[in-house]
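I have placed the structure first, in the form of structure tokens, so that the comments after it can refer back to it.
The values are calculated or read from the model by the stated rules, or taken from the named source; none is laboratory data. Since the structure is predicted, the reported quantities are computational estimates derived from the model, not experimental observations. Please note: Cβ atoms are built from the backbone with ideal geometry, for glycine as well, and neighbour counts cover all protein chains shown. Areas reflect the complete protein model, heavy atoms only, side chains present, ligands, DNA and RNA absent. Shrake-Rupley method; radii C 1.70, N 1.55, O 1.52, S 1.80 Å.
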Amino acid sequence: MKQLLLRTFMVSGAIMLSGAMVMAQQQPSNGGMRTPQQNPNPGLNSPQTQQQGSMQQDPSMQKMQDRDFVRKAMQGSMAEVQLGQLAEQKSSSQDVKQFAQKMTQDHSQLDNEMKPIAQQMGVKTPDKISKKDEKLNAKLQNMSGKDFNDTYIKAMVKDHESDLSAFRQEAQTTQNPQLKQAAEQGAQVIEQHLAMIKQIAKNHGVKA
């Protein structure tokens, strides 16, 4: 009887020991603690990403960008009007003269549309063109004929490519509804100007 009980205990002990070994093998190897579930997109919650998101939504920074855009847009329109008037007088080509006349008209209108927005935002109307445009104006004053046409055409292509990018960017980022509408309309006008001056450059054989 004692031998039978002893065998029973031994068999039971062996079964329990075997079960304990199997459970031990199934446990994680990192001290019995489960590995935390990884974030499928850790970058979304990183401090750097959160900081970037707050910067993009910072109203004060956006207002500064809006004010800077308005000031530069008005200054740019002023330059287009002055250079257009000069080209109307000095250009020897009818298509360049017609383009210059359109610059004078369209950019005067763009400037007038931007002035109420500038006043609302506390942006002072520029009283002179940029130094870059002053240099271009002085350079064109001393030119005539083909040299004048080629220099003016190249400058107009470059300026309108830059202006189109700036107007499109402002239309996408500003939270000011009036400024957004003005930037969108301005981008459409500038896009037309760019297509026109590129065609004129092609007609004149000017690589811009």
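Of note:
- With a Förster radius of 25 Å applied to the beta-carbon distance between SER130 and ARG168, the computed FRET efficiency rounds to 0.75.
- FRET efficiency for the GLN119 to GLN98 pair, using the beta carbon distance and R₀ = 35 Å, is estimated at 0.60.
- Within the same chain, lysines fewer than 8 places from LYS131 are excluded, and of the rest, those with a Cα less than 26 Å from its Cα are LYS63, LYS72, LYS90, LYS97, LYS102, LYS115, LYS139, LYS146, LYS154, LYS158, LYS198, LYS207.
- Backbone geometry of segment 197-203 corresponds, through the Karplus equation with coefficients 6.51, -1.76 and 1.60 at θ = phi - 60°, to 3J(HN,Hα) couplings of 6, 5, 5, 5, 4, 5, 5 Hz, x marking Gly and Pro.
- Backbone amide hydrogens, once placed in the peptide plane, bring ILE129 within less than 5 Å of nothing, excluding anything fewer than 5 places away on its chain.
- Cα gyration tensor shape of segment 83-196, rounded if a/c is under 1.5, else prolate or oblate by comparing a/b with b/c: prolate
- Theoretical FRET efficiency, 1/(1+(r/R0)^6), r = Cβ-Cβ of GLN89 and GLU191, R0 30 Å, to 0.05: 0.65
- In this label model, LYS180 and ASN142 are separated by 4.8 nm, measuring between points 7 Å along each Cα→Cβ vector.
- Sequence-separation-based contact order of segment 67-158, relative, with Cα cut under 8 Å and 6+ spacing, percent: 39
- Accessible area of segment 67-133 belonging to carbon and sulfur atoms, whole % at 1.4 Å probe: 45
- Per-residue SASA entry for ASP127, accessible area with 1.4 Å probe, Å² rounded to 10: 130
- Inter-label distance, nm, simple model (7 Å from Cα along the C-beta direction), LYS202/ASP58: 4.4
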